[in-house]
Structures are given as structure tokens and as C-alpha cells.
Amino acid sequence: MTQTMEGRQSAQDARSSDEEPILKARSLSRSFQGFKAVDDLSLDLHEGEIMGLIGPNGAGKTTMFNMLAGSLLPTSGTIHLKGQDISREGAEKRLRRGLGRTFQIPRPFPEMTVLENVLCGAQGQSGEKAISAFFRPARSRRDEALALEKARHLTDFLMLSHLENEKARVLSGGQRKLLELARILMADPKVILLDEPAAGVNPTLLQDIMARIVTLNEQGVTILLIEHNMDMVARLCSRVMVMALGQKLAEGAPDVVIRDPEVVRAYLGDAA
């Protein structure tokens with residue numbers, strides 16, 4: 001990794017102390033038939049940081065992610081992205097605004113090639129509109145060429161270039177996670193919600209994934225990370241929030257939070 005954790009954390013702290021959060025949630029709640037999966041939770045994600053969202057199974061982390069990403073609307077509360085209220089917008093519109101997310105279980109199109117899957121993430125292609133494709137074929141061809149160039153750059157960056165003509169169904173679990181990240185990066189997000197990128201990934205590939213996450217962050221992508229791998233959280237994140245029973249249990253630097261007695265009981269104790 002090209003920077004030490006301490007150096008990246010200092011830079012992130014300097015930015016976060018003076019700036020409005022790039023992603024801000026206030027008093028978010030989500031109920032399912034009377035059960036509150038998330039209960040009056042607020043969160044600030046500052047531009048340029050990598051923040052962790054951790055907690056035991058059933059804590060409400062995925063529900064929180066789904067509300068931030070737009071695949072699930074909150075029962076109450078608000079979400080702002082770069083100062084704009086996106087609380088009632090869907091995931092597609094949020095992606096166009098610069099907010100992307102990955103899933104714990106990747107969802108590639110299995111019978112399409114790796115390169116074709118990545119190209120599916122391209123936004124605003126003129127060839128998608130019949131009238132533009134017919135009356136402006138040169139522009140459509142140019143957009144297609146640029147998208148192809150970008151997709152190949154991303155497959156190379158994410159170590160998938162040797163597989164670009166293979167069907168997505170042949171990929172390992174870790175490679176599918178990289179493919180999903182490449183597809184999201186085609187949309188040029190400013191904020192990415194990463195859902196358990198370490199789950200089911202072999203240790204060697206995990207080191208490569210962590211290095212790519214750091215590089216993306218250094219290139220200006222802000223990241224919110226759900227992860228159970230505490231070593232990964234401690235190495236990547238300048239700040240973590242711990243959830244339990246749909247509420248915030250603790251928040252702070254990873255080395256401080258993991259020593260909190262309440263966190264040990266609610267989270268680390270469950271994992272032991």
C-alpha cells in the first residue's frame with residue numbers, strides 16, 4: 001500500500017474536521033411489520049475517508065446500507081448526498097448522483113463475459129437511445145469506444161484482464177467481487193458502499209483487494225465499508241461505527257472501539 005495508515009488517517013481527519021459530510025444520514029429508521037431493524041440512527045461520512053460499519057449479525061448493517069443506497073426507503077429520517085436530499089430517490093438515481101454500492105453476494109450476469117458485465121455499468125451512452133444511434137452514429141461509436149477503453153482499464157486495474165472474455169459464471173467468489181466493483185466504477189462514483197468485500201475471499205486475493213481499495217481512496221473515492229474481518233477494518237478505516245440491535249453502540253478509531261467493553265460484549269464476544 002502506497003501510504004501508511006497513520007498518514008492517510010491524518011489527511012482524512014484534516015478534511016473531516018472542516019467539511020460538510022459528503023453523505024449524511026439523520027435519524028434513519030426502518031421497520032418491518034413492527035420490528036425496527038434500524039432505530040433512529042445517524043451517520044456522517046466525510047469526503048476522502050474510509051469508514052467502517054461493523055456489528056454482529058442481525059445488527060441492522062445491511063438494512064442501513066440498503067437505505068443509504070436507495071434499494072430500501074426509510075420509514076423515517078433523511079439522507080443527504082453532497083448537500084442534496086436523496087431520501088426518497090431510488091438506487092439508479094443515486095448512482096447517477098455518484099453513490100454506488102456492492103453486495104455481499106455479487107450478482108454478475110453469468111452468461112455474459114467479464115468485459116460485457118463491466119460495460120453494463122457505463123452511464124449515459126448515446127447509443128442507448130434509438131434516435132441518437134440512428135441520427136448520430138459517429139457519436140454512438142465514439143461513446144462505445146470510450147466505454148470499451150474504460151472497461152479494459154478497470155479490468156486491468158482489478159486484475160481481471162486475463163479473464164475478460166470468459167463467462168462470469170467461471171469466476172471465483174473473490175473475482176466476482178472484483179467484477180462487481182469494476183462495474184460500479186464504470187459509473188464514476190464519488191462514494192462507494194462496500195458490503196463485506198473480504199467474505200469468502202482467499203488471503204492472497206484479499207491483500208490485492210485491500211490494496212485496490214486504498215488506491216481508489218487515494219484517487220478521491222470515499223468509502224463506507226461493512227466488514228467482519230477486523231484486521232481489514234483496522235488496517236483500512238480511520239473511523240468505525242458499531243451497530244447493535246439497529247442502533248449505534250459506539251463510534252471512533254478502530255483501536256479504541258475494539259477495546260470498548262460494550263463492543264466486546266455485543267460484537268467481539270459473539271465472534272469469539
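Selection of strands (runs of 3 or more DSSP E) fully inside the range 156-272 by the criterion of at least 2 residues being over 20 Å from the mean Cα position of the chain (by Cα) and either assigned by TED's automatic domain parsing to the domain that holds Arg101 or of a type in the set (D, E, K, R) (or both) returns 247-252. The set of residues from the range 164-221 being at positive phi and of a type in the set (Asp, Glu) comprises Asp188, Glu196. Residue pairs whose Cβ atoms lie under 6 Å apart, sitting 6 or more positions apart in sequence or on different chains, and linking a residue in the range 65-76 that is in contact (Cβ under 8 Å) with a residue 40 or more places away in the chain to a partner that is in a helix (DSSP H, G or I), are Ala69/Ala91; Leu72/Asn66; Pro74/Met67. Within the range 42-64, can you find the residues that are crowded, with 23+ Cβ neighbours inside 10 Å and hydrophobic (A, V, I, L, M, F, W, C)? Listed by number, the residues that qualify are Leu45, Ile50, Met51, Leu53, Ile54, Ala59, Met64. Kindly indicate the residue of the range 28-41 that is in contact (Cβ under 8 Å) with a residue 12 or more places away in the chain and of a type in the set (Gly, Ala, Ser) and also surrounded by the most Cβ atoms within 10 Å (Cβ to Cβ) among those meeting that condition. Among residues in the range 28-41 that are in contact (Cβ under 8 Å) with a residue 12 or more places away in the chain and of a type in the set (Gly, Ala, Ser), the one surrounded by the most Cβ atoms within 10 Å (Cβ to Cβ) is Ala37.
The values are calculated or read from the model by the stated rules, or taken from the named source; none is laboratory data. Fair warning: this is a prediction, and the values are worked out from it, not measured in the lab. Here Cβ is always computed from backbone atoms with ideal geometry, including for glycine, and neighbour counts include all displayed protein chains.
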